[in-house]
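The block underneath contains the structure these notes are about, expressed in structure tokens.
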């Protein structure tokens, strides 16, 4: 998932899947307004996903009703994974490390 690929995503409503490079889906999301904005948020804030996922790929589908599309994708995922959700949707990401600020003397 790199900025150049995210820039090519349409700015329309739809659904998206984020997965690892071995094609394990870790998150299924919907964008009510813009797929590119939703993916850019994940790109700019990688702490929204667990850091051990490593590099990610994404798939998108522009839809008029993204909520319904997301529900259908989640239902299909649950049907093939014994009722469980993708890893990033079942647990909260770890808290970010505290930042230290140095003061000038």
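Each value in this text was obtained by applying a stated rule to the coordinates, not by laboratory testing. In this text the structure is predicted, and so the values were computed from the model without any measurement. Positions of Cβ are backbone-derived with ideal geometry, glycine not excepted, and every protein chain shown enters the neighbour counts.
Sorted by mean Cβ packing within 10 Å, highest first, what order do the peptides 29-36, 11-18, 66-73, 78-85 take?
Highest-to-lowest ranking by the protection proxy: 11-18, 29-36, 66-73, 78-85.
The distance between label points at residue 67 and residue 40 comes to 2.5 nm (points 7 Å beyond Cα on the Cα→Cβ vector). Taking the empirical scaling 2.2 N^0.38 Å for compact globular proteins as reference, the stretch 3-81 has a Cα radius of gyration ratio of 1.05. In plain terms, the chain from residue 8 to residue 79 could stretch by 22.4 nm, reckoned as 0.36 nm per residue minus the Cα-Cα distance.
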